[in-house]
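S.K.: Structure incoming, see below.
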């Protein structure tokens with residue numbers, strides 16, 4: 001993804017774990033992302049069998065906003 005696409009992705013309130021994996025924002029593969037979600041390192045909203053990654057805490061952890 002280009003930096004502009006990543007910025008647009010992170011401007012949304014939530015994204016899917018698959019979008020997070022595809023973006024390459026974090027140096028983790030699929031299992032690493034899901035392990036981080038299970039540990040609580042990546043905040044998500046559980047929607048039944050689906051998960052939505054909350055982007056505001058992710059932006060703060062990445063140092064993109066205070």
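S.K.: Would you confirm, using the coordinates I've provided, whether residue 20 is surrounded by 13 or more Cβ atoms within 10 Å (Cβ to Cβ) and either part of a helix (DSSP H, G or I) or free of Cβ contacts under 8 Å to residues at least 24 places away in the same chain (or both)?
M.R.: Spelling it out, residue 20 is indeed surrounded by 13 or more Cβ atoms within 10 Å (Cβ to Cβ) and either part of a helix (DSSP H, G or I) or free of Cβ contacts under 8 Å to residues at least 24 places away in the same chain (or both).
S.K.: Give region 23-57 a look and list any residue that's touching a residue at least 24 places away in the same chain (Cβ under 8 Å), under 20 Å from residue 1 (Cα atoms) and in contact with a helix residue (DSSP H, G or I) (Cβ under 7 Å, 6 or more places away or on another chain), or say none.
M.R.: Selection gives 25, 53, 55.
S.K.: Further question on the same structure: Restricted to region 5-17, and to residues that are outside any helix (DSSP H, G or I) and touching a helix residue (DSSP H, G or I) at 6+ places or on another chain (Cβ under 7 Å), which residue is surrounded by the most Cβ atoms within 10 Å (Cβ to Cβ)?
M.R.: Among residues in region 5-17 that are outside any helix (DSSP H, G or I) and touching a helix residue (DSSP H, G or I) at 6+ places or on another chain (Cβ under 7 Å), the one surrounded by the most Cβ atoms within 10 Å (Cβ to Cβ) is 15.
S.K.: Considering (1) modelled with pLDDT of 95 or more; (2) assigned to a helix (DSSP H, G or I); (3) surrounded by fewer than 16 Cβ atoms within 10 Å (Cβ to Cβ), say which one residue 45 fails and leave the rest.
M.R.: Evaluating residue 45 over (1) modelled with pLDDT of 95 or more; (2) assigned to a helix (DSSP H, G or I); (3) surrounded by fewer than 16 Cβ atoms within 10 Å (Cβ to Cβ) leaves (2) as the failure.
The values are calculated or read from the model by the stated rules, or taken from the named source; none is laboratory data. Please read all numbers here as calculations on a predicted model, not as lab measurements. All Cβ positions, glycine included, derive from the backbone under ideal geometry; neighbour counts span all protein chains shown.
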